[in-house]
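K.L.:
I have a structure here, written as structure tokens, and I will follow up with some questions on it.
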Number of protein chains: 2
Amino acid sequence: MTRAATGERPASGAGTSRVEFGTCPESYRHWRLAVNGQVATLVMDVAEQGGLVAGYELKLNSYDLGVDIELYDAVQRLRFEHPGARAVLMTSGKEKIFCAGANIRMLAASSHSWKVNFCKFTNETRNGIEDATVNSGQVYIAALNGTASGGGYELALACQHIMLVDDRSSVVSLPELPLLGVLPGTGGLTRVVDKRHVRRDIADYFATKAEGIGGKKAVAWRLVDEVVPRARWQDQVSERALAIARSGREPSGDPAGIRLTPLDKTRTDDTISYRHVSARLDAGRGVAEITVRGPVAGPPASIADVHAQGADFWTLAMTRELDDLILDLRTNETEIGTWILRALGSADRVLAHDRLLLANSSDWLANEILLYLKRTLKRLDVTSRSLIALIEPGSCFAGSLLELALAADRSYMLFGVFEEQDREATPAAITLGPANIPGPPGNGPLPMGNGLTRLQARFHGDPGALVAAEKSAGEPLEAEEAERLGLVTFAPDDIDWADEVRIAIEERASFSPDALTGLEANYRFAGPETMETKIFARLSAWQNWIFYRPNASGPDGALRAYGTGKRATFDRKRV
Amino acid sequence: MTRAATGERPASGAGTSRVEFGTCPESYRHWRLAVNGQVATLVMDVAEQGGLVAGYELKLNSYDLGVDIELYDAVQRLRFEHPGARAVLMTSGKEKIFCAGANIRMLAASSHSWKVNFCKFTNETRNGIEDATVNSGQVYIAALNGTASGGGYELALACQHIMLVDDRSSVVSLPELPLLGVLPGTGGLTRVVDKRHVRRDIADYFATKAEGIGGKKAVAWRLVDEVVPRARWQDQVSERALAIARSGREPSGDPAGIRLTPLDKTRTDDTISYRHVSARLDAGRGVAEITVRGPVAGPPASIADVHAQGADFWTLAMTRELDDLILDLRTNETEIGTWILRALGSADRVLAHDRLLLANSSDWLANEILLYLKRTLKRLDVTSRSLIALIEPGSCFAGSLLELALAADRSYMLFGVFEEQDREATPAAITLGPANIPGPPGNGPLPMGNGLTRLQARFHGDPGALVAAEKSAGEPLEAEEAERLGLVTFAPDDIDWADEVRIAIEERASFSPDALTGLEANYRFAGPETMETKIFARLSAWQNWIFYRPNASGPDGALRAYGTGKRATFDRKRV
């Protein structure tokens, strides 16, 4: 049994190979975070010998999952611990290089599932950077004091403003295709054309030109926003950051940040538990039974009390635990293909917590908590595991926690009670609340990546059903009514429950894991696509295919040949 | 040298293995087409021994590429030869089975590139069925007189109205995931939720239930539009078809169809030529040099003359040839990874042909020709080959033919003339015309699958550049101006031309073919996604990955194990 509190780092390939996502700035090996009034600076300075796994050196600020775990932590802490920072300068601690992208030897040596999971997490962090810029007014600026190539440039693309030093050698580049036979697959291709609006033919040329583009041409082609002579660099970067910080809005509410204290996590081979969230892992059945517990008490009286509770406030504490659990299971338990989701506790108290946050959504902390819950639920949406919600007596699928059931591929809700267990129990009910429903402005507090609420996606193309469901808000709905409104998939009674649920779970474990991943990735995203969903679908699905093909990953493929002096050998068939 | 006129069928696996797409109803082995007034009937009656390639039997109306080639031909002929048909009943000539989907032994024995290309063509035909329904008022009705499973149900999903016989045994099903470890990947997953608005959790259950759903539940779940008792079947189907046919609009213009005469095609190992389109294949360089020739004379005086010219009318003739060429190269020349596109002739005459069609777009034939050109250009957009347009003196990239350059990944336009070749030549010019620009109603006559014109996609997020480009309509633009307006990628002069073009082509041939496919599939579709683009991106990219994984296609994978009595062995890691 390991007890991994936030701040501990996993051994790099030695001892347990389990990856932990908890860390804190004092433990960073690859980043330095400094906050000076309204401007924060995040300096990437990767420790060459600090790889998460043995077998590669992180030269030239190249990164692996360990580097990205620290970046994710820094982005989260900036939002919660430093809400006053209105501009975040991302720059490099190395001479001449901003970041060389994902480490190629690491990629070449990694299993397919590792590569795909790594890229997914990288994408989520970059989406989080954009979310901070747009929804928290914490604007990221990429200050490229040297070359940014591949994933390094993709990181810059996630920033609102890109500055590049003009020294006749520093460039931005996407050399993945010409050098490695893979795509700029962590958002690069999508953001170049869909965010920065680089013309597609120029983008094509750029992504085949391994040596990159710098100077005025990089500006003319919209690859960066400005180039700055080396002599003016420090001044111009500081001025730009200050100007952006000052032009933003101040966070409203108590300006003091809250401390993201280490999670109270206990991890064994078959259990993961925190204060509000726990999971039992059953490797034999390929199942994780996840339980989220509702608040044990009503919410505090005022938003000031939420600030005072800080990381102990239930919604935030639960979200942090759920986030960590998702990342742990995705990375460490790849053969556990089905996640059973339960929510236990008082629906009223969940709804009361939601109401407190929504009533104070102009307060920066309430806003951050809702945004974090939104991002965590989005993580669930792109998780390649079958999600099955079980709604039983004693459950509290209401408001924000009902989103778990709406995120699931299927939900089973007990009709009546378990006669033998507790004949007098109150039957399960689900309750829609304001957290589930669009309000002004925008698309509800917890939209999916496609911009729809989970209810809107569920009833895509069926506005009558959507209205009927939304009208029920506030009413506890027992199984029959919930099924009639289309809010749960099946509502078996006590007699059928055990068999139906068992068969569903056993079936899931008998199917091709690959086909399930593809099925779920399609059905979960009915309706419109956005830049964000395009990154997880059009771009990532192609990249996953390319990663798996011998032209990239075979013994003579480009990823394996890189740096050996040998040229890759390609099967020239176009597919 | 083979000379394959439309109507000839390729030998099934014997002799040349080259696939030809030309056929005609008299040669069909798998379909019967009958037109009775306003109602056409398309009967699927697959010849078990009629597989395109040896090694499998097409039992239970299962299909292979050969069956789909005939279907495509029938759909095209219905539009051009039978414009009066307002409803098309698609049904089966077999007892008890409508269609069992793609033949599984064929899939199991096929190479990856064959599977992917086959699915792409299948998808294009189904999109064409929807295009006929929506844009030509030729409404497809699936009359499922027996079970429709897998690709059989996906074919039904492409129809506007689905009728299922209610006989206690006929069902619709998507058994791909539980039985074969792959996706319902020819539109199935997307159309179930995005077109028929089946709720995602119900859709999930349906796609894991190999035995399918019939009767009233199939209606309640929106999987079909109506179920009809066997006794009422013939009457109800006829009545429904007549009612739908009568409720539609009559085609305007001369109601007589035109005859799609056999293409005049000459095919050798390294040339493909038709009247207006030709290609030289260079296997060594991996290049096909494609030349489209503009009209040799001005357009006829009136739309009546277009009807009289029929299949000889330049725009239609050229489009049919280009369509056949794309299909030939995609299927038969998988190692030719770069297509060079040239257009030679008179820009004025191209524009005059465009104007004639657009001025008469309410005429059914003019409408059909424009829609066919639109579909053919869309085929180019989803073609997994690098497309490079070369714009030289004597070229006619104007209006509809300019779309070829706009579809290309890059374009090179000669600045000035080839001094040694013809110092007195007129420099190349491109001209935008009404065929390139949105007009009321809708998004221009030749939109891409994402609903944008190619100009809109090119200048996605840059409205100023779009307006400036559109304003130039009608003006011949020489290289400098075309480059300034962003309409071509590069404009090298005589001195640089040969090297620049050669390097671009050689580079392309040196890159990973897989990565190029992924790059192009991302950059070509900046901006919004539609159901159609979701099918080619989210769905197909996942399916391609799944097809390539051992869980499907390995020696113990589900595709190979099917029907052997052995269970598939899965790597249980979730990716």
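The values are calculated or read from the model by the stated rules, or taken from the named source; none is laboratory data. Since we're looking at a predicted model, the values are computed, not measured. Here the Cβ is made from the backbone with ideal geometry for all residues, glycine too, and neighbour counts use every protein chain on show. When the accessible area is computed, the model is the full protein with side chains, heavy atoms only, and any ligands, DNA or RNA have been set aside. Shrake-Rupley method; radii C 1.70, N 1.55, O 1.52, S 1.80 Å.
Yes/no per residue for (1) in contact with a strand residue (DSSP E or B) (Cβ under 7 Å, 6 or more places away or on another chain); (2) within 14 Å of chain B (Cβ to nearest Cβ); (3) in contact (Cβ under 8 Å) with a residue 60 or more places away in the chain:
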residue: A:L164; (1), (2), (3): yes, no, yes
residue: A:L177; (1), (2), (3): no, yes, no
residue: A:V182; (1), (2), (3): no, yes, yes
residue: A:V193; (1), (2), (3): no, yes, no
residue: A:I202; (1), (2), (3): no, yes, no
residue: A:A210; (1), (2), (3): yes, yes, no
residue: A:A218; (1), (2), (3): yes, no, no
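K.L.:
Checking B:A498 against (1) small (G, A, S); (2) under 29 Å from the mean Cα position of the chain (by Cα); (3) surrounded by fewer than 18 Cβ atoms within 10 Å (Cβ to Cβ); (4) part of a helix (DSSP H, G or I), only one condition comes out false. Which one?
P.N.:
(2)
K.L.:
Being under 19 Å from A:A552 (Cα atoms) and in contact with a Leu (Cβ under 9 Å, 6 or more places away or on another chain) is the filter here, so list the residues in the stretch B:542-552 that pass it.
P.N.:
B:W542, B:Q543, B:I546, B:F547
K.L.:
Can you tell me which residue among A:L466, A:L452 is open to solvent by 20 Å² or more (accessible area, probe 1.4 Å), under 25 Å from A:H353 (Cα atoms), touching a residue at least 60 places away in the same chain (Cβ under 8 Å) and within 14 Å of another protein chain (Cβ to nearest Cβ)?
P.N.:
Just a single option satisfies the conditions, and that option is A:L452.
K.L.:
I'm trying to understand the selection: among the residues of the stretch A:138-189, which are farther than 17 Å from A:V43 by Cα, open to solvent by less than 10 Å² (accessible area, probe 1.4 Å) and among the small types (G, A, S)?
P.N.:
Listed by number, the residues that qualify are A:G150, A:S170, A:S173, A:G181, A:G185, A:G187, A:G188.
K.L.:
Please go through (1) of a type in the set (D, E); (2) within 30 Å of A:R567 (Cβ to Cβ); (3) in contact (Cβ under 8 Å) with a residue 40 or more places away in the chain for A:E226 and return the number of the only condition it doesn't satisfy.
P.N.:
With (1) of a type in the set (D, E); (2) within 30 Å of A:R567 (Cβ to Cβ); (3) in contact (Cβ under 8 Å) with a residue 40 or more places away in the chain applied to A:E226, the lone miss is (2).
K.L.:
Evaluate the stretch B:519-527: report whether one residue or more is part of a loop (DSSP other than H, G, I, E, B), open to solvent by less than 20 Å² (accessible area, probe 1.4 Å) and more than 24 Å from B:T453 (Cβ to Cβ).
P.N.:
Within the stretch B:519-527, none of the residues are part of a loop (DSSP other than H, G, I, E, B), open to solvent by less than 20 Å² (accessible area, probe 1.4 Å) and more than 24 Å from B:T453 (Cβ to Cβ).
K.L.:
Here's something else I'd like to know. Here are the criteria: (1) open to solvent by 10 Å² or more (accessible area, probe 1.4 Å); (2) within 14 Å of chain B (Cβ to nearest Cβ). Tell me which single one A:F121 does not satisfy.
P.N.:
Evaluating A:F121 over (1) open to solvent by 10 Å² or more (accessible area, probe 1.4 Å); (2) within 14 Å of chain B (Cβ to nearest Cβ) leaves (1) as the failure.
K.L.:
From A:A132, A:A34, which residue is at pLDDT 95 or above, open to solvent by less than 10 Å² (accessible area, probe 1.4 Å) and over 26 Å from A:W545 (Cβ atoms)?
P.N.:
Only one candidate passes the filter, namely A:A132.
K.L.:
Residues being more than 25 Å from the chain's Cα centre (by Cα) and hydrophobic (A, V, I, L, M, F, W, C): count how many of those fall in the stretch B:24-56.
P.N.:
Matching residues across the stretch B:24-56 total 1.
K.L.:
Looking at this structure, is B:T489 within 10 Å of another protein chain (Cβ to nearest Cβ), over 30 Å from B:V192 (Cβ atoms) and not hydrophobic (A, V, I, L, M, F, W, C)?
P.N.:
Judged against the criteria, B:T489 is a match.
K.L.:
Would you mind finding the one in B:A366, B:A304 that is over 22 Å from B:P262 (Cβ atoms) and open to solvent by 20 Å² or more (accessible area, probe 1.4 Å)?
P.N.:
Unique residue meeting the criteria: B:A304.
K.L.:
Residue under question is B:A87, and the condition is that it be within 22 Å of B:P251 (Cβ to Cβ), surrounded by 23 or more Cβ atoms within 10 Å (Cβ to Cβ) and touching a residue at least 12 places away in the same chain (Cβ under 8 Å); does it hold?
P.N.:
yes
K.L.:
Determine whether A:R538 is over 13 Å from B:I546 (Cα atoms), outside any loop (DSSP other than H, G, I, E, B) and either more than 9 Å from chain B (Cβ to nearest Cβ) or in contact with a Pro (Cβ under 6 Å, 6 or more places away or on another chain) (or both).
P.N.:
no
K.L.:
Filter the stretch B:337-361 for residues that are within 14 Å of chain A (Cβ to nearest Cβ) and among the hydroxyl-bearing types (S, T, Y) and give the result.
P.N.:
Listed by number, the list holds a single entry, B:T338.
K.L.:
Being closer than 17 Å to A:T319 by Cα and more than 14 Å from chain B (Cβ to nearest Cβ) is the requirement here; does A:G416 meet it?
P.N.:
no
So that you can scan it fast, the table gives a plain yes or no per residue for (1) open to solvent by 30 Å² or more (accessible area, probe 1.4 Å); (2) in a loop (DSSP other than H, G, I, E, B); (3) at pLDDT below 95; (4) farther than 24 Å from B:Q234 by Cα:
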| site | (1), (2), (3), (4) |
| --- | --- |
| B:Q49 | yes, yes, no, yes |
| B:D68 | no, no, no, yes |
| B:L71 | no, no, no, no |
| B:A74 | no, no, no, no |
| B:R77 | no, no, no, yes |
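K.L.:
Still on this model: Tell me which strands (runs of 3 or more DSSP E) are completely within the stretch A:241-328 and hold 3 or more residues being within 25 Å of A:G66 (Cα to Cα), or say none if there are none.
P.N.:
Output list reads A:271-273, A:277-282.
K.L.:
Of the conditions (1) in contact with an Asp or Glu (Cβ under 7 Å, 6 or more places away or on another chain); (2) of a type in the set (D, E); (3) within 21 Å of A:E532 (Cα to Cα), B:D462 satisfies every one except a single condition; which number is it?
P.N.:
(1)
K.L.:
Sticking with this structure for a sec: Checking B:D556 against (1) open to solvent by 10 Å² or more (accessible area, probe 1.4 Å); (2) within 11 Å of chain A (Cβ to nearest Cβ), which test does it fail?
P.N.:
Single failed check for B:D556: (2).
K.L.:
Related question: Given the options B:E507, B:E481, name the one that is without any contact (Cβ under 8 Å) to a residue 40 or more places away in the chain, within 9 Å of chain A (Cβ to nearest Cβ), open to solvent by 50 Å² or more (accessible area, probe 1.4 Å) and on the phi < 0 side of the Ramachandran plot.
P.N.:
On inspection, the qualifying residue turns out to be B:E507.
K.L.:
Also, quick follow-up: Can you tell me which residue within the stretch A:510-533, out of those that are facing chain B (nearest Cβ under 7 Å) and among the charged types (D, E, K, R), is farthest from A:E124 (Cα to Cα)?
P.N.:
That would be A:D514.
K.L.:
Restricting the search to the stretch B:237-249, which residues are more than 26 Å from the chain's Cα centre (by Cα) and open to solvent by 40 Å² or more (accessible area, probe 1.4 Å)?
P.N.:
If the condition is that a residue be more than 26 Å from the chain's Cα centre (by Cα) and open to solvent by 40 Å² or more (accessible area, probe 1.4 Å), then B:S238, B:E239, B:R240, B:L242, B:A243, B:R246, B:S247 are the ones that fit.
K.L.:
Inspect the stretch A:434-447 for any residue being more than 13 Å from every other protein chain (Cβ to nearest Cβ) and more than 23 Å from A:T530 (Cα to Cα) and give the result as yes or no.
P.N.:
yes
K.L.:
From the list A:I340, A:I336, which residue is open to solvent by less than 30 Å² (accessible area, probe 1.4 Å), outside any helix (DSSP H, G or I) and touching a residue at least 60 places away in the same chain (Cβ under 8 Å)?
P.N.:
A:I340
K.L.:
Please enumerate the residues belonging to the stretch B:209-246 that are charged (D, E, K, R) and at negative phi.
P.N.:
Passing the criteria: B:K209, B:E211, B:K216, B:K217, B:D225, B:E226, B:R230, B:R232, B:D235, B:E239, B:R240, B:R246.
K.L.:
Before we move on, is B:G563 over 25 Å from A:G337 (Cα atoms) and either more than 9 Å from every other protein chain (Cβ to nearest Cβ) or open to solvent by 10 Å² or more (accessible area, probe 1.4 Å) (or both)?
P.N.:
Yes; evaluated as a whole, the condition is true for this residue.
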